[in-house]
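Here the structure is laid out as structure tokens; the discussion comes afterwards.
Derivation of every value follows stated rules applied to the coordinates shown; laboratory data play no part. What you see is a predicted model, and the numbers here were worked out from it, not measured in a lab. Here Cβ is always computed from backbone atoms with ideal geometry, including for glycine, and neighbour counts include all displayed protein chains.
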2 protein chains.
Amino acid sequence: MKRILSKDLKNHIGETILIKGYIHQKRIMGSINFILLRDKDGIVQIVVKDKKEISKIKDTMDESVIEVIGDCIKEDRSVNGVEIHNPKIKIISKVKSPLKIEINKPIINANIDTILDNRAIVLRSLQQRSIFKIQSTMANAYRDYCLSLGATEIFVPTIVGNATEGGSELFKIKYYDKAAYLAQSAQLYKQTMVAIYEKVFSIAHSYRAEKFGTSRHTSEFIQYEWEMGFIDSYKDIINFGINVIKYIKDKVEENNKEDLSILKKELPLLPSDIPVIKLSEALDLIFQERGIDHRGQGDLNPEDEKMICEISKDKYGSDLIVITHYPTSKRAFYTMPDPKNPEETLSFDFILRGEEIVSGSQRIHDYELLKEAIIKKGLDPNDFENFLEIFKFGMPEEGGLGMGLERLTQQFLSLQNIREATLFPRDVKRLTP
Amino acid sequence: MKRILSKDLKNHIGETILIKGYIHQKRIMGSINFILLRDKDGIVQIVVKDKKEISKIKDTMDESVIEVIGDCIKEDRSVNGVEIHNPKIKIISKVKSPLKIEINKPIINANIDTILDNRAIVLRSLQQRSIFKIQSTMANAYRDYCLSLGATEIFVPTIVGNATEGGSELFKIKYYDKAAYLAQSAQLYKQTMVAIYEKVFSIAHSYRAEKFGTSRHTSEFIQYEWEMGFIDSYKDIINFGINVIKYIKDKVEENNKEDLSILKKELPLLPSDIPVIKLSEALDLIFQERGIDHRGQGDLNPEDEKMICEISKDKYGSDLIVITHYPTSKRAFYTMPDPKNPEETLSFDFILRGEEIVSGSQRIHDYELLKEAIIKKGLDPNDFENFLEIFKFGMPEEGGLGMGLERLTQQFLSLQNIREATLFPRDVKRLTP
């Protein structure tokens, strides 16, 4: 007998069917009893009246795996519009110890340690599983959009010989008889590959040895990487970023209606014109609208990012705002200075619902200028030999961006902590499961 | 003026057009001169007669980036069926040092150290870039196929607290004040997630501290991971594996015709019936056909794998053969023993063109049996607490497989060394670029 999934039961009304899944919830009331059976896509209610069947499930704990053969009956008051009557139940896998957490109650934005200490179980809850179903859609939407532009996907190593970004916060590996590090970004590799495929993307692991357990940072995260050559200006990259985020939103709306309704979440407002303003204009706006004077600080701190998004929502009806022209002193050495004012760069951040989710820029593509930029930052060009090498052999104007998969998931779904958007987070406290 | 890509020039015959790309090759012959310009998808020939234009390019080295405005002329003898006449050339990025390797000559199956010592440049050759265009197609075909089955993509960490496989060959990380390791496989995570989404896939980084630089192993590689629950038998997983490989082959044939012709490679023969035989039958066949008696060795060594594929090609017209029922003593503790003969497992390897590319099995899904299996292997159940935990809370019959992205690329394209199918390989000798 072929198994039917809960979501397809409505096409089998009046038939005797086989379903398989987990006991999501039970109500043992005596003569009439109910099981909610959960499978990969949904839930169905089983009505148990037969004494022999009741005795099978009476002491069987939630999350046990069962197979049920029964009659599929139309029942408008029930989930999926059906119910299973006259069930014959077979227990496939019996739970022996009670669950440490009630996963058939809504679990969302709960205490993060409770969620993570019981990760494997908590993920079975309807809310938590909806988060990562949406994340799967997001990742695939990202790739589909890149492929539709004729881009090539690349797979880059996570073990590196030295730090591309020139930063600290590196994890050190014992690599045979050498020292190596976990990559902070795919920068070197995507810039190398832009000379070959012109448009490249990667879904890459990035690592930061963050010492503080903030709600916005973990030690290992996934970056959507994008790099494109033969650009006319840094605006080409901003447009890519805006369009791909809109595409991802469309795909989530299309594929995850039920998940959004389980989560009771609204996706961000993304109007046709997303505001793009300079950092100096953003700081002016914050001063004008809020009376807080951070002009001259040359960056947005987390509170500024929240304020500028609130202002953007009021003024432009957009949950997303793009901030450009960060100071040269604040950005990585490879960022292209604005020819009109070399103190500023052709760089940008995307701020969504108060949180930075994208960082990008046009890059310096000339060998000599890049070497100079390294020296200006007080770094040693010899440490960047592999990086510099790629600019010796013909490079077009180019640029790119990185977008955090978990950050984007967090902001799309208004989750309090990035760990709730990370399947198995790694941080200063947490190394398992 | 909008830039036209070389592959689209045939739609612009008779027009004045703008092209951008790299000087792939030059022939300076005096009064009539030729440039082959390479862009992301192809090559076009530019005919240069004007003295001023000749002087611009005369001393400009290969791989310099140029922009050309010229007349697009029909020319059947030329690549793409067009040529660019009366060009006005602008040099965007000038190469200053000569290339260390001639990349406008075919580079394939060349000396691997020469290829890798000049990786960023060698990848610009038509052959090398075709390899990774095909790999991009393969990765996306894999995902499309998984999604079409209703599977969910998961993102798993690479930093782990202990070894799932219980093996050696681990890379150690200094993780804050703790020791951690780079993951050998996504086993724990995909089995956890099968209880949530029933069918899950991941494109995961795996690490092995291989001490020897064989042509088949690197230290960091990409695994296509697959795990599915509610299976009827291990054969469901074998069928998935066969079908996804066929789907990948179809997509490469569809999308990478030109790359295959540049590489002069034939994809593997995959008839509608792929042979699936037991290990004992495979060893019998090798004995019968080749007179080599490895019966009783309980495994296939690399030479056996080559022989069994040759036999498979002769007997079944298939470059792929599936070998099942490896001995319990040779497989990981979580492998399901065959109920008919517990000395053998419900496991399998796929051998393609003489090389193992897939390994998989049905898993033990019962907590007590799994604990027993750990002890039987001489391991300590306390070391596998996180792993065991997931079987306490209801698990269906399930199984999965892992397939090496680089291995599959290597065998699809008959490359001598797995490093040629790895963008930036990591091994005992190589940590950069």
- [ ] Equivalent ellipsoid semi-axes for region A:120-421, as square roots of 5 times the alpha carbon gyration tensor eigenvalues: give them largest first, rounded to whole Å.
- [x] 30, 25, 19
Task: Ranked B:Thr422, B:Thr137, criterion: other C-beta atoms within 10 Å, fewest first - done: B:Thr137, B:Thr422
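Determine the dipole magnitude for region B:311-356: charges of +1 sit on the beta-carbon of Lys and Arg, -1 on that of Asp and Glu, nothing else is charged, the reference point is the Cα centre, and the result goes in debye to the nearest 20.
Computed about the Cα centre, the dipole is about 40 debye.
Once R0 is set to 30 Å, what does the formula 1/(1 + (r/R0)^6) return for the Cβ-Cβ distance between B:Met61 and B:Ser215, expressed as a FRET efficiency to the nearest 0.05? It would help to have the intermediate numbers written out before the result.
Working: r = 34 Å, r/R0 = 1.12.
Calculated transfer efficiency: 0.35.
Quick check on the exposure proxy: order A:Arg129, A:Arg3 from fewest to most C-beta atoms within 10 angstrom. Intermediate results must be reported in sequence, preceding the final value.
Details: A:Arg129 22, A:Arg3 14.
Arranged by neighbour count, lowest to highest, A:Arg129, A:Arg3 become A:Arg3, A:Arg129.
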Task: Ascending list, in nanometres, of distances separating the A:Glu385 label from those of the other copies (7 Å, Cα toward Cβ) - done: 4.6
- [ ] Using only Cα atoms, find the angle between the long axis of helix B:302-316 and the longest principal axis of chain B, and express it within 0 to 90 degrees, rounded to the nearest 10.
- [x] 80
Open item on the list: Using only Cα atoms and rounding to the nearest 10 degrees, what angle (0 to 90) does helix A:126-148 make with the longest principal axis of chain A?
Closed with: 50
- [ ] Mind running the shape call on region A:6-93? Use the C-alpha gyration tensor, a ≥ b ≥ c as the square roots of the eigenvalues: rounded below 1.5 for a/c, prolate if a/b tops b/c, oblate otherwise.
- [x] prolate
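Between B:Glu102 and B:Glu254, what length in nm is gained on full extension when 0.36 nm per residue of separation is reduced by their alpha carbon distance?
Values: separation 152, 0.36 × 152 = 54.72 nm, distance 3.04 nm.
Taking 0.36 nm per residue and subtracting the Cα distance, the gain is 51.7 nm.
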- [ ] For helix B:187-197, report the angle its Cα long axis makes with the longest principal axis of the Cα atoms of chain B; keep it between 0 and 90° and round to the nearest 10°.
- [x] 90
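Can you put A:Leu123, A:Leu36, B:Leu388 in order of Cβ neighbours within 10 angstrom, beginning with the fewest?
Numbers: A:Leu123 22, A:Leu36 19, B:Leu388 16.
The most exposed by this proxy come first: B:Leu388, A:Leu36, A:Leu123.
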- [ ] With a cut-off of 14 Å, note down the residues of region A:24-62 whose backbone N falls inside the zone around a label point 7 Å from the Cα of A:Lys94 toward its beta carbon.
- [x] A:55-62
Task: Calculated FRET efficiency for the pair A:Glu385/A:Lys330, C-beta based, R₀ 22 Å, to 0.05 - done: 0.30
TODO: Taking each label point as 7 Å beyond Cα in the direction of the beta carbon, state the distances from A:Lys2 to the same residue in the other copies, shortest first, in nm.
DONE: 4.7
Open item on the list: Compute, for region A:120-421, the length of the dipole vector about the Cα centre, with Cβ point charges of +1 (Lys, Arg) and -1 (Asp, Glu) only. Units Debye, rounded to 20.
Closed with: 900
Open item on the list: Residues of region B:301-335 with the amide nitrogen closer than 19 Å to a label point 7 Å from the Cα of B:Lys376, along Cα-to-Cβ, please.
Closed with: B:324-335
Task: 5 angstrom amide H check on B:Val358, placed H, neighbours 5+ away - done: B:Phe350
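Using a Förster distance of 35 angstrom, determine the FRET efficiency expected from the C-beta separation of B:Ser233 and A:Tyr176, and round it to 0.05.
0.25
Please work out whether region A:277-433 counts as rounded, prolate or oblate from its C-alpha gyration tensor, where a ≥ b ≥ c are the square roots of the eigenvalues and a/c under 1.5 means rounded, while otherwise a/b larger than b/c means prolate and anything else oblate?
Numbers: a/c = 2.21, a/b = 1.29, b/c = 1.71.
The shape class here is oblate.
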- [ ] Take the alpha carbon gyration tensor of region B:202-340, find the square roots of its eigenvalues, order them as a ≥ b ≥ c, and report rounded if a/c is under 1.5; if not, report prolate when a/b exceeds b/c, else oblate.
- [x] rounded
Open item on the list: Measuring from the axis that superposes chain A on chain B, report the chain A residue with the minimal C-beta distance, rounded to whole Å.
Closed with: A:Ile173, 3
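Compute, for the protein assembly as shown, the length of the dipole vector about the Cα centre, with Cβ point charges of +1 (Lys, Arg) and -1 (Asp, Glu) only. Units Debye, rounded to 20. Mind dumping the intermediate values first?
Details: 124 positive and 130 negative charges, 6 e Å.
The calculated dipole for the protein assembly as shown is roughly 20 debye.
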Open item on the list: Just to confirm the numbers: B:Ser233, label point 7 angstrom along the Cα-Cβ line, distances to the other copies in nm, shortest first?
Closed with: 6.6
